[in-house]
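Trainee: What follows is a structure written as structure tokens; I'll ask about it next.
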Amino acid sequence: MRLRLILSETFGGLRRNATMAASVVLVTFVSMLFVGSALLAQQQVTLIEEDIASQVEVDVYLCGEVDTTLVANCAGGGVTDEQESVITDVLENGVVSDYVVDIVRVSREEFYALLLDHDTIGVIASSSAEDFGPVLRIQLTDPSYFAYIEDAVGGLDGVADVTDQADAFAALFAVLRVLTIGSIALAAVMLLTAVLLITTTIRLSALSRRRETTIMRMVGASTFVIQLPFMLEGAIAAVLGALLAVVVIYAGVVMVVEEWMRDLVTWVDYISAPDVLMIAPWILLAAVLLAALTSFATLRRYTRA
Amino acid sequence: MITIDRVSKTYAAGHQPALDDVSIQIDRGDFVFLVGSSGSGKSTLLKLMLREERPSRGDVFVAGRHVNKIPNWRVPGLRRDIGAVFQDFRLLPGKTVFDNVAFALEVIGKRRHDINTSVPEILELVGLEGKERRYPHELSGGEQQRVAVARAFVNRPPILLCDEPTGNLDPVTSVGIMRLLDRINKTGTTVVMATHDDEIVNQMRKRVIELRGGELIRDQVDGTYVREADE
């Protein structure tokens with residue numbers, strides 16, 4: 001009996017305050033759009049980081065003629081076969097061998113060709129392959145083990161330099177993290193906006209139905225029965241807004257990420273539509289809690305016993 | 001049924017109290033007029049009985065409950081034992097006569113079958129049979145007040161509190177409402193009515209409790225009331 005009354009009051013309230021309900025739907029939609037996007041952005045950044053981390057390698061540059069006067073380890077001239085075999089032995093059989101997945105040797109000719117490809121001012125063209133040493137390109141089980149490799153071979157004769165490719169991506173990761181934090185901050189502001197608007201809406205709704213709630217109080221209705229229709233009104237509007245947000249995020253991921261970015265930049269993994277479905281229940285739950293808690297806090301004051 | 005024990009009520013510090021050390025005993029089945037000019041404390045007394053307000057000092061007991069001590073969650077239970085009628089009727093304009101009365105039962109969880117039985121009975125008691133489908137704006141003032149009385153009494157509470165129920169009605173219609181309240185009182189219901197309508201008080205010859213400036217100045221069986229000149 002009371003369920004019918006509560007539902008009738010709830011939907012009656014939504015009908016009478018359609019404009020206010022629409023504003024709650026829209027503000028929840030926008031705030032949940034930001035919350036969902038922030039969550040997905042976070043996931044995307046993690047994917048890119050893991051993807052790049054699995055691909056980056058450590059480069060061990062062996063001495064060439066050009067390094068002789070610049071690097072102490074290269075004082076004896078270009079790397080000899082013996083020096084290279086000691087270096088390779090440390091990597092393949094030494095204490096760091098457990099961290100090494102694969103070693104690819106780039107010969108000085110191949111390395112020179114690579115440098116030539118990227119030389120736009122002609123400085124490389126004026127030198128020869130003999131000026132450069134070969135490069136050992138090492139893939140590690142975990143990129144964070146770079147320091148162990150540097151310690152193990154950095155001081156050996158014939159090693160000009162040891163570099164971590166991950167350093168080249170540090171700036172990219174920093175930018176991505178800033179963007180993620182920015183989207184989370186924006187989502188927080190939108191949530192605050194939603195709380196304020198829902199508070200105002202519920203307050204106006206309660207004031208416009210003061211006659212009903214006064215009568216309900218006078219005839220002995222419980223506070224729960226008086227407040228529940230208002231809370232349900234807020235929750236229904238918020239759920240509609242959240243559903244709208246999920247639909248738009250889903251469409252956005254399908255159209256922008258799956259059908260456009262995936263073909264545009266092919267070297268990273270992307271979030272996909274199922275990821276949206278994974279966060280959808282959380283977005284809906286957040287919207288319901290947002291509306292219900294805000295309503296509860298507001299109604300304590302405006303529909304007192 | 002109702003005990004007001006040395007009750008004082010001050011709304012704001014430094015102001016004159018709305019009620020000052022008032023004690024009243026009202027028994028089951030009594031019909032009591034609370035009289036006095038505006039600001040004498042009549043409405044405050046009714047609000048204390050309904051737990052709309054709490055006393056600054058003293059104790060209020062209604063229908064076996066220590067009203068100023070019960071927790072908030074027990075207030076709805078208290079109010080189901082009290083019917084309340086107001087000067088401004090307080091009807092819901094979008095609901096029919098039947099629905100206005102049924103609303104009082106719906107919100108306390110009565111079953112539809114009980115509502116369909118109780119509402120026509122009470123509408124017949126207040127003389128509104130045949131007008132169930134009318135809306136408040138289609139009724140006269142007297143009929144609207146009868147709907148309000150029906151709504152207050154449909155749950156058969158042992159106490160009926162009426163705050164100036166004839167204040168918006170002409171003398172002839174007021175008599176009709178008073179007859180209705182008298183009939184309800186004869187079913188054993190305690191009726192407490194705040195009014196400053198001396199004609200009605202003098203016609204009914206019931207117990208009269210007079211307040212002035214928040215103090216009880218008279219409690220008289222079969223009493224009369226003479227309004228002050230400035231009212």
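The values are calculated or read from the model by the stated rules, or taken from the named source; none is laboratory data. These numbers were taken from a predicted model, which means no experiment stands behind them. All Cβ positions, glycine included, derive from the backbone under ideal geometry; neighbour counts span all protein chains shown. Remember, those area values only see protein heavy atoms, side chains included, never the ligands or the DNA or RNA. Shrake-Rupley method; radii C 1.70, N 1.55, O 1.52, S 1.80 Å.
Trainee: For region A:1-105, which fully contained helices (runs of 4 or more DSSP H) count at least 1 residues that are within 26 Å of the chain's Cα centre (by Cα) and surrounded by fewer than 20 Cβ atoms within 10 Å (Cβ to Cβ)?
Mentor: Counting at least 1 such residues, we get A:18-55.
Trainee: Here's another thing I want to ask about it. Need the failing condition index for A:S183 against (1) among the small types (G, A, S); (2) part of a helix (DSSP H, G or I); (3) at pLDDT 85 or above, just the number.
Mentor: That leaves (3) as the condition not met.
Trainee: Being out of contact with any helix residue (DSSP H, G or I) (no Cβ under 6 Å at 6 or more places or on another chain), in contact (Cβ under 8 Å) with a residue 40 or more places away in the chain and open to solvent by 70 Å² or more (accessible area, probe 1.4 Å) is the requirement here; does B:Q16 meet it? Show your work before the answer.
Mentor: On the way: out of contact with any helix residue (DSSP H, G or I) (no Cβ under 6 Å at 6 or more places or on another chain): yes; in contact (Cβ under 8 Å) with a residue 40 or more places away in the chain: yes; open to solvent by 70 Å² or more (accessible area, probe 1.4 Å): yes.
In short, yes.
Trainee: Let me ask something else about it. Is it the case that A:D117 is touching a residue at least 24 places away in the same chain (Cβ under 8 Å) and open to solvent by 50 Å² or more (accessible area, probe 1.4 Å)? Reasoning before the result, please.
Mentor: On the way: touching a residue at least 24 places away in the same chain (Cβ under 8 Å): no; open to solvent by 50 Å² or more (accessible area, probe 1.4 Å): yes.
So A:D117 fails the test.
Trainee: Then there's this: So A:E212 fits all but one of (1) surrounded by fewer than 19 Cβ atoms within 10 Å (Cβ to Cβ); (2) among the acidic types (D, E); (3) in contact (Cβ under 8 Å) with a residue 24 or more places away in the chain; what number is the exception?
Mentor: Answer for A:E212: the failing condition is (1).
Trainee: Could you list, in sequence order, the residues of region A:132-178 that are of a type in the set (D, E) and open to solvent by 30 Å² or more (accessible area, probe 1.4 Å)?
Mentor: Matches in region A:132-178: A:D142, A:E150, A:D151, A:D157, A:D161, A:D167.
Trainee: Separate question: Could you grab me the full set of residues in region A:258-288 that are without any contact (Cβ under 8 Å) to a residue 24 or more places away in the chain, within 19 Å of A:L33 (Cα to Cα) and open to solvent by less than 90 Å² (accessible area, probe 1.4 Å)?
Mentor: A:E258, A:S272, A:A273, A:P274, A:P281, A:L285
Trainee: Considering each residue of region A:18-75, count those that are in contact with a helix residue (DSSP H, G or I) (Cβ under 6 Å, 6 or more places away or on another chain) and without any contact (Cβ under 8 Å) to a residue 24 or more places away in the chain, and give that number.
Mentor: Summing the residues that are in contact with a helix residue (DSSP H, G or I) (Cβ under 6 Å, 6 or more places away or on another chain) and without any contact (Cβ under 8 Å) to a residue 24 or more places away in the chain in region A:18-75 gives 1.
Trainee: Could you please find all residues in region B:64-87 being more than 10 Å from chain A (Cβ to nearest Cβ), in contact (Cβ under 8 Å) with a residue 12 or more places away in the chain and open to solvent by 30 Å² or more (accessible area, probe 1.4 Å)?
Mentor: B:R65, B:Q87
Trainee: When you go through (1) under 30 Å from A:I226 (Cα atoms); (2) open to solvent by 10 Å² or more (accessible area, probe 1.4 Å) one by one for B:L181, which number turns out not to apply?
Mentor: Unmet condition: (2).
Trainee: Now, a different point. With respect to B:S40, determine if the residue is in a strand (DSSP E or B) and either out of contact with any strand residue (DSSP E or B) (no Cβ under 7 Å at 6 or more places or on another chain) or open to solvent by less than 20 Å² (accessible area, probe 1.4 Å) (or both). Full working, then the answer.
Mentor: On the way: in a strand (DSSP E or B): no; either out of contact with any strand residue (DSSP E or B) (no Cβ under 7 Å at 6 or more places or on another chain) or open to solvent by less than 20 Å² (accessible area, probe 1.4 Å) (or both): yes.
No: the conditions fail for B:S40.
Trainee: Take the conditions buried (at least 18 other Cβ atoms within 10 Å of the Cβ), part of a loop (DSSP other than H, G, I, E, B) and not assigned by TED's automatic domain parsing to the domain that holds B:L180 and apply them to B:I122. Does it pass?
Mentor: Here the answer is no, as B:I122 does not meet what is asked.
Trainee: Would you confirm, using the coordinates I've provided, whether A:I249 is buried (at least 18 other Cβ atoms within 10 Å of the Cβ), in the same structural domain as A:A18 (by TED's automatic domain parsing), in a helix (DSSP H, G or I) and at pLDDT 90 or above?
Mentor: yes
Trainee: Further question: So, in region A:217-242, how many residues would count as being more than 14 Å from chain B (Cβ to nearest Cβ) and open to solvent by 10 Å² or more (accessible area, probe 1.4 Å)?
Mentor: 7
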